[in-house]
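Here the structure comes first, spelled out in structure tokens, and everything after it is commentary.
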Amino acid sequence: MTDQVSQLAGMLAAASSAVVFTGAGISTESGIPDFRSPGGIWTRMMPIDFSDYLADPDARRESWRRRFEMEETWNAVRPNAGHRAVAELAARGIVSHVITQNIDALHQASGVPADRVIELHGNTTYAKCLDCQARMEIADIRRHFEAHGDAPACGACGGIVKTATISFGQAMPEGEMARAHRATEGCDLMLVLGSSLGVYPAAGFPLLACRRGVPLVIVNREPTPQDRFAELVIRDEIGPTMDSVIGAL
Ligand code: NAD
Ligand code: ZN
């Protein structure tokens, strides 16, 4: 066991309301490319801006085509050792909340109770009406799209339907932001797993914890702009690292 692993295990053992803050890096070991990987989904296609989605039916159709192309991938992905370690920490009462930038719902799939997961950028596994927030299932939208060449309007209010994710140019979800603030205000340790900490306002939460004097730990393959504020930086793979941490607890 490395010194860094035992140091993190010791910090977790002393914590009772740790917040885990995750980014795309915790899901790469499940086969979902992160933002930066060459050839990743995000580098191949220009993201569709929220204002274009609202204004342009062609942009909406293109967005749905991309989403359906990913359907098999999203359905097949499973949590990895990193997600499982976080779920174990939540089950032991060490981690109070998981704040995630991911849209893949893998924290819930690994057993973290849904009310402990705060999704800052939404969730791609279902859709929502942009006006009345009514939930719709992707499979139903796909059937309609294949029959009519378009996604259906909201069955309740006629509004525009979109995956339940936050697009570029779309406002952050107020309720989730407020929950993330409360969780961060109440935390006694902030553990970042797999985020470049370059996307704001999400990356403001680890900083907020630091300003409160709460220790910050970052596990990430690459350096991040917040490493200099961290009490401990582990520059290694998340799954094997967190597996060892659980073993050392
Ligand atoms: P990012 O791609 O900017 O950063 C990911 C970081 O994780 C990188 O610094 C990388 O070095 C590190 N990393 C990757 N795999 C790792 C591993 N196995 N072990 C250790 N470190 C590893 O991701 P971000 O900070 O989350 O920001 C990207 C944005 O894209 C987010 O807003 C997110 O919503 C979105 N996104 C989500 C998913 C998903 O839901 N799984 C995937 C791609 C992008
Ligand atoms: Zn509606």
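The values are calculated or read from the model by the stated rules, or taken from the named source; none is laboratory data. As the structure is a computational prediction, the values presented were derived from the model and not from experiment. Here the Cβ is made from the backbone with ideal geometry for all residues, glycine too, and neighbour counts use every protein chain on show. Ligands, DNA and RNA are excluded from the accessible area calculation, which covers all protein heavy atoms including side chains. Shrake-Rupley method; radii C 1.70, N 1.55, O 1.52, S 1.80 Å.
A few remarks follow.
- Against the empirical 2.2 N^0.38 Å (N residues), the stretch 94-249 has a Cα radius of gyration ratio of 1.22.
- In the context of the full set of protein chains, the stretch 16-105 has a per residue accessible area of 46 Å² (1.4 Å probe).
- Percent carbon-and-sulfur accessible area, the chain, ignoring ligands, DNA and RNA, probe 1.4 Å: 51
- The local environment of residue 237, defined by Cβ-Cβ distances under 11 Å, has a net charge of -1 under the rule Lys, Arg +1 and Asp, Glu -1.
- The stretch 46-170 - share of DSSP beta bridges that are antiparallel (%, nearest 5): 70
- Antiparallel DSSP beta bridges within the stretch 118-249, percent to nearest 5: 50
- Taking every DSSP beta bridge that has both ends in the chain, the antiparallel portion is near 25%.
- Once C-alpha pairs closer than 8 Å and six or more residues apart are averaged by separation and normalised to the residue number of the stretch 19-124, the relative contact order reads 30 percent.
- Cα centroid separation, the stretch 1-28 to the stretch 74-134 (Å): 17
- Rounded D (µm²/s) - the stretch 28-120, Kirkwood Rh over Cα pairs, Stokes-Einstein at 37 °C, 0.692 mPa s: 217
- Accessible-area rank, largest first, for 233, 199: 199, 233, with all protein chains present and a 1.4 angstrom probe.
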